[in-house]
Structures are given as structure tokens and as C-alpha cells.
Amino acid sequence: MGKPRLNWAAEPWNDGEELECAMVIPETADCATIAFRAPSGAWFDYQPGQFLTLELPVPGGPVQRTYTISSSPSRPLSLSITVKAQPGSVGGRWMLDHLKPGMRLRAHGPAGQFTSLRHPARKHLFISAGSGITPMMSMTTWAWDSGEMPDIVFVHAARRPSDIIFRQRLEQFASRVPGLQLRFTVEEVEPFEVWPGYRGRLSQIMLGLMAPDYLDREVFCCGPEPFMRSVREMLASLGFDMTRYHEESFAAPALEEVPVEMAPPAAVSEVSFAGSGLSVACDGTETVLAVARRAGLNIPSGCNFGLCGTCKVQKVSGEVAMVHNGGISDDEIAAGLILACCSRPQGSVTIDL
């Protein structure tokens, strides 16, 4: 007879259950960590660095937004995201202004390939800017909680010292283990305060001072696209093995002239939704997601360019032309799954929806 479980009698959470906001924790002037729990008492099973897609009831109609998880699965009773209100933000602004403990949201996931567990290495180099620090915090907390001595150089860029999210928690970690080395750089300092870190944009010289052995490290990068592009170009020019570089972004990738072999769309295509009994004609240029919406069906979606994987659906029959950005694995494709946001019907297609 097996030993009864004392603390984990419940099952892992799945996204059929809404999340309940448990706490809203201020981080910086325009940023807060929002902790969720499962009303059923379920616990959260995911990989550090993965993301979650939330359905947010903003004025004008619900929207879906994707956020990396800032908590660690080593602390599974709650799950947290950390939201920074960007200029023009709709979902982030709504959460910071309106989301309160006790409110419930529908969520999809967790999902994502950006995790140190999928790229084990003896030494890591985390490079982030702004709210891109959230998956790094999740992976760092996981390393800390694992009980193993982490060897992480944690580089973070912010506008000012007061904008560094999780600074106190990271410094508490770093003060207890010699293997976690924090390297902060800011564009400007606060008046009348001493700043012992770096100043200015991350550069080749600065990176060499921060992590002299960067060539030996597995690199994870997250932040605004211009920042990540700068880091990519910097590492490539320094001779870094880019197969050991990983980045996370929910922005549409920059357009490049890449030849793609795609069959011309069928003159007449039809998408049938098996579960709903609906069939919709299309010309093959619309995505399955667009056709579903035209039919009045809701397929949850996040990034809309084949990265986050939120719109994954089961294809029962037919062919689609799918050009994705990593949001689906080869095994899932072999099992008949497609990403609705970047799949275009090629003739008659049936979807399990």
C-alpha cells in the first residue's frame, strides 16, 4: 500500500477550470505580479519559462493576451504572471486597474518551448530587458528551489534602478548562493541615490565584463524585439554558437524575404466543424481561425502568428497550408493538430470543433 499524499491530494490544474485572482502584488510604479489559484484546490504543473493565455473582459469585448509565468512550478499552489502596462496597452492596463482578488478569468495553457528544462546546461546566461525578466525569474526560482547550486549570470537592462522588477528577491537569492551573479544596467540613475551597477545600453564590451565566459553558457534572452535583435547580432558577431541561444517573444517576427513553398489555394475550399455541425465555404486564403470566427465559433488564440500555440485544434481530415513560428511540435502535427491562426485550408477540411 502506497503512502498517502498529505499535501497533494488534488489533481493538477487544467484549463477547463477558471483561475481565481488571489493577490495583486505591486512590483514597480507601473508593474504588478498577479497570483492566481485554482478554486478547486488543484495545483499547477508546468515548466519554468512557459506562458499562459488569459481571456480578459475588457470594455468593447473580451480579448486574449499571452503572458509568461513569473512563478516557479516548484511552488505549485499558485501561479503568477507579472504585468507591466506598456503604452497603448489594453489587457495589461485593464488588469492593473480592475483585476481584484476573488475575480475569475478563463485561461489557456501553460505552453511554450522557452525553458531551461528543455536545454539543460552546466552554466546559463540569462539576458532580459523590461518585463522580459519574468521567465528568467521563473527559471531562477526553479534553480534555487531545486537545491542544486545554480551557475547563472543574470543580466538585466532597465530604464532606471527603480524599474528593475524583482530586484530585492533576486538580490536575496544572490546573497545566499555564490553561483547566481546579478548584472544590472540602467539608462539613467535616480538622483541622490548610489548606483553600483552598469550604465548604458548592453554592449559587447559590457557583456564581456559581465560574463567573461559567455561562450561557455547556454543563453536565454527575453525583452523587446529591438533588444533581442541587438543581443542576437552581438553574440553572432562574437562567434557564439547560436544553436545555444534561445529567445522568447510574443511580437510578430520581422518580415524577411524567405521563399516558402506553398500550394496555391484551392479555388473553392470548405471548412466543416464536426462538433458544431457547421460548414463554411472559403477560397483558401483565410485562416481556419478567421473562418471559424466568421461562422460564429470561438477558437482561443493569443499571438495570431503561430508562436504561442493557444489556437491548437484537431484536424479530422483534409489538408491545410500551415506556416508557424514554433508554436506546435512535429509530434503534434503528426497527430493531426494544427494552429488555426496560421493554417489555410487546401480544399475540404474538417476540424474537431
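The values are calculated or read from the model by the stated rules, or taken from the named source; none is laboratory data. All values reported here derive from a predicted model rather than from experimental measurement. So basically every Cβ, Gly included, is an ideal-geometry build from the backbone, and we count neighbours across all protein chains shown. Ligands, DNA and RNA are stripped out before the accessible areas are found, and what is left, the full protein with its side chains, is counted by its heavy atoms. Shrake-Rupley method; radii C 1.70, N 1.55, O 1.52, S 1.80 Å.
Observations, loosely collected:
- Criterion applied to Ala252, Ala266, Ala292 was being surrounded by 12 or more Cβ atoms within 10 Å (Cβ to Cβ) and modelled with pLDDT of 80 or more, and the one residue passing it is Ala292.
- Answer residue from the range 296-343, given it is exposed (fewer than 15 other Cβ atoms within 10 Å of the Cβ) and small (Gly, Ala, Ser) and is nearest to the chain's Cα centre (by Cα) among those: Gly326
- Picking from residues in the range 269-286 that are touching a strand residue (DSSP E or B) at 6+ places or on another chain (Cβ under 6 Å) and not small (Gly, Ala, Ser), the one that is surrounded by the most Cβ atoms within 10 Å (Cβ to Cβ) is Val271.
- The residues of the range 105-140 that are on the phi > 0 side of the Ramachandran plot and in a strand (DSSP E or B) amount to a single one, Gly109.
- Candidates are the residues of the range 16-52 that are touching a Ser or Thr at 6+ places or on another chain (Cβ under 9 Å) and at pLDDT below 90; the one that is most open to solvent (accessible area, probe 1.4 Å) is Ala29.
- Residue in the range 141-148 that is surrounded by 15 or more Cβ atoms within 10 Å (Cβ to Cβ), of a type in the set (Asp, Glu) and part of a loop (DSSP other than H, G, I, E, B) present: no
- Residue count, the range 77-94 (criterion: under 28 Å from Ala42 (Cα atoms) and either at pLDDT below 90 or under 17 Å from the mean Cα position of the chain (by Cα) (or both)): 8
- Residue among Arg199, Arg169 that is basic (Lys, Arg), surrounded by fewer than 17 Cβ atoms within 10 Å (Cβ to Cβ) and within 23 Å of the chain's Cα centre (by Cα): Arg169
- Candidates Gly88, Gly112, filtered to the one that is open to solvent by 60 Å² or more (accessible area, probe 1.4 Å) and small (Gly, Ala, Ser): Gly88
- Tabulated pairs, the range 217-242, first without any contact (Cβ under 8 Å) to a residue 60 or more places away in the chain and more than 18 Å from Met206 (Cα to Cα), second open to solvent by 40 Å² or more (accessible area, probe 1.4 Å) and not in a helix (DSSP H, G or I), C-beta under 6 angstrom, 6+ apart or interchain: Glu225/Ala251
- Residue check for Ser272: assigned to a loop (DSSP other than H, G, I, E, B), out of contact with any Pro (no Cβ under 9 Å at 6 or more places or on another chain) and modelled with pLDDT of 85 or more: no
- Scanning the range 197-218 for residues that are touching a Lys or Arg at 6+ places or on another chain (Cβ under 8 Å) and under 21 Å from Pro161 (Cβ atoms) gives Gly197, Tyr198, Met210, Ala211.
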